[in-house]
Each structure stands twice: as C-alpha cells, then as structure tokens.
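Engineer: If you scroll down you'll find the structure; I have some questions about it.
The values are calculated or read from the model by the stated rules, or taken from the named source; none is laboratory data. Model, not experiment: these values are computed from the prediction. Using ideal geometry, Cβ is built from the backbone for each residue, glycine included, and neighbour counts are taken over all protein chains shown. Calculation scope for accessible area: heavy atoms of the full protein, side chains included, ligands and nucleic acids excluded. Shrake-Rupley method; radii C 1.70, N 1.55, O 1.52, S 1.80 Å.
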Amino acid sequence: PIAFTLGLMATPVRDFPQNDPFAHPSYSGNGNITFSEWCSYPLGSQPLPEEGTLEFWLKRSEARATSNVEIFHILRGKTKLDCYLMTPDLPDTIAWYVGGEKVLDGKTILNTNGFTHLALVWNKDQLAFYSNGKLTGKISAAPALAKFKEIIRGEGGELRFGCGNDYGGYTGLVLDEVRVSKGVRYTGEVCAVPPQAFVKDNDTILLDHLDETFKPDGQDAETAGGGVPTIGCSFAP
C-alpha cells in the first residue's frame, strides 16, 4: 500500500528557519535539518501486566553526546515514563523518571563497540534493572512503585524508543530485539542472557526482531513487530 498526502502551502516558500521546532536543526544547534528519531509501538486498550519484563539489545551509535540520551518512553496521556542514559556526566548510568521524578537508576556499560542486553522487570513488590544479566538497580519503596504502576495500569498510549518529543530530543542508539512479556523473566543477582534472537512463547506480548531493510517513511511502513519508525530513523545491519 502507498499513502499519498496533499498539502497546501502559501507562497512564497522559504527555507526552513533555524529554530523551527517542527523541522529542527541538528542537535548541536547548527547544520542540516534533521528529524526526531523514534520507533513507536501502540499499547492498545489493555494495561501492561502487573508482573512483566521489557527487554532489548542496545548500543550507542556515537560516543559523543550533547545531552542525556533518550532510550525509551511509555506515554499514556499526560503521564509518562522516561528512560535516559545520563550522558555526558554519567555515561554508565541509566535512570527512569515518572512525571519528571526519578524512580530508579542502575549501572550499565553502553558504548559503540557491541550490544548490551537491558531488561526492566517488575512485580507487586519491586522494580528491577538488569544489564547483561546482572542486577544493577532495584526499588521496593511504595511511593516509587505506585508511580510506576500508574503507568502500567493506564490504557492506550505507546511504547516509544528514541525521542519522547515529536519535534525535538536527542538519541544516538542502535536498537535490536525488543520483547515485552507478562511475568518476570529475570530474577536474582545474576542470570543468563538469551544467546540468540528472542523466540515468541505464551508469555510474549510484543516481539520485534527489527530485521527490516526499508527506508522508514514515518507513516505506513510498519516493522514485522508492529513498530512505526520515523523518517529520522534508519535500519542498519
């Protein structure tokens, strides 16, 4: 299928202004026009499970960062969960925020050399983070868990990797093998990381291998797993 869009523009047509928020310049504030980068998965009408796992493989696409690297967001109306790699000040730390307030952080090694397996797991008692199978952060405090559960119990919205804002943000990532599951797949201090591509089972809610090779157009080019990448994204071997 091909989608056509007809638009009307008043003349004279001018160049993109430097600070146009809908076609903003590169993240350094100068250079060619670039577009926000994200891949979005609709969450539908059902809330996320009370016990679940979000996991994926990740590496950085460039070593330099001008601000915190946006990893993923769960957007539900006016409430959202934000996950950042805290570059350039704390490049070995990932932190999660709900409504701008930090609820969890953990250590990781995330660079350009190879992929790192990251997993966020939750149940009624705690929220935990694993990096390459090692537990590096967890919380069990009731206030923080309550904020997180506001997100998973909400309806609709989306899981978005990359920029959480439609017209701005910074993300320099290569993403692979996204899986959302019901139930806690990782427990203890250290656990085994899947050595191969994820396989769908009865607990799998969302699975995307991201094996596509097309150029994203940001509108009707879905991945096999149901993700919609924006035109700022690209598929890489």
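Engineer: Out of the residues in the range 186-215 meeting the condition of being over 15 Å from residue 58 (Cβ atoms), touching a residue at least 40 places away in the same chain (Cβ under 8 Å) and crowded, with 17+ Cβ neighbours inside 10 Å, tell me which one is farthest from the chain's Cα centre (by Cα).
Structural biologist: 186
Engineer: Among the residues of the range 227-237, what is the count of those that are touching a residue at least 60 places away in the same chain (Cβ under 8 Å) and either of a type in the set (S, T, N, Q) or surrounded by 14 or more Cβ atoms within 10 Å (Cβ to Cβ) (or both)?
Structural biologist: So in the range 227-237, the residues touching a residue at least 60 places away in the same chain (Cβ under 8 Å) come out as 227-233, 236.
Still in the list and also either of a type in the set (S, T, N, Q) or surrounded by 14 or more Cβ atoms within 10 Å (Cβ to Cβ) (or both): 227-233.
The number of residues fulfilling the criteria is 7.
Engineer: Evaluate the following for residue 125: is it farther than 22 Å from residue 181 by Cβ and among the charged types (D, E, K, R)? Quick ask: steps written out before the conclusion?
Structural biologist: Details: farther than 22 Å from residue 181 by Cβ: no; among the charged types (D, E, K, R): yes.
Spelling it out, it is not the case that residue 125 is farther than 22 Å from residue 181 by Cβ and among the charged types (D, E, K, R).
Engineer: Further question on the same structure: Is it true that some residue in the range 42-50 is surrounded by 17 or more Cβ atoms within 10 Å (Cβ to Cβ), assigned to a loop (DSSP other than H, G, I, E, B) and hydroxyl-bearing (Ser, Thr, Tyr)?
Structural biologist: The answer is no; no qualifying residue exists.
Engineer: Filter the strands (runs of 3 or more DSSP E) completely within the range 146-236 down to those with at least 2 residues that are basic (Lys, Arg). Before you say what the answer is, go through the steps one by one.
Structural biologist: Working: elements: 158-162, 173-182, 204-208.
Per the criteria, 173-182.
Engineer: With the requirement that a residue be modelled with pLDDT under 85 and either over 30 Å from residue 62 (Cβ atoms) or open to solvent by 50 Å² or more (accessible area, probe 1.4 Å) (or both), what does the range 166-184 give you? Before the answer, list the steps.
Structural biologist: Residues of the range 166-184 modelled with pLDDT under 85: 166-170.
166, 167, listed by residue number.
Engineer: Have a look at 82, 105 and point out the one that is touching a His at 6+ places or on another chain (Cβ under 7 Å) and crowded, with 17+ Cβ neighbours inside 10 Å.
Structural biologist: 82
Engineer: Sticking with this one: I'd like to know if the range 17-27 contains one or more residues that are modelled with pLDDT of 80 or more, in a loop (DSSP other than H, G, I, E, B) and of a type in the set (A, V, I, L, M). Lay out the reasoning, then the answer.
Structural biologist: Of the residues in the range 17-27, the ones modelled with pLDDT of 80 or more are none.
Within the range 17-27, none of the residues are modelled with pLDDT of 80 or more, in a loop (DSSP other than H, G, I, E, B) and of a type in the set (A, V, I, L, M).
Engineer: Something else: For the range 138-155, check the following and say yes or no: at least one residue is closer than 28 Å to residue 66 by Cβ, crowded, with 17+ Cβ neighbours inside 10 Å and over 14 Å from the mean Cα position of the chain (by Cα).
Structural biologist: Yes: the range 138-155 contains one or more residues that are closer than 28 Å to residue 66 by Cβ, crowded, with 17+ Cβ neighbours inside 10 Å and over 14 Å from the mean Cα position of the chain (by Cα).
Engineer: Being over 15 Å from the mean Cα position of the chain (by Cα), among the hydrophobic types (A, V, I, L, M, F, W, C) and open to solvent by 30 Å² or more (accessible area, probe 1.4 Å) is the requirement here; does residue 90 meet it? Don't jump to the end; show me each part of the working.
Structural biologist: Details: over 15 Å from the mean Cα position of the chain (by Cα): yes; among the hydrophobic types (A, V, I, L, M, F, W, C): yes; open to solvent by 30 Å² or more (accessible area, probe 1.4 Å): yes.
Spelling it out, residue 90 is indeed over 15 Å from the mean Cα position of the chain (by Cα), among the hydrophobic types (A, V, I, L, M, F, W, C) and open to solvent by 30 Å² or more (accessible area, probe 1.4 Å).
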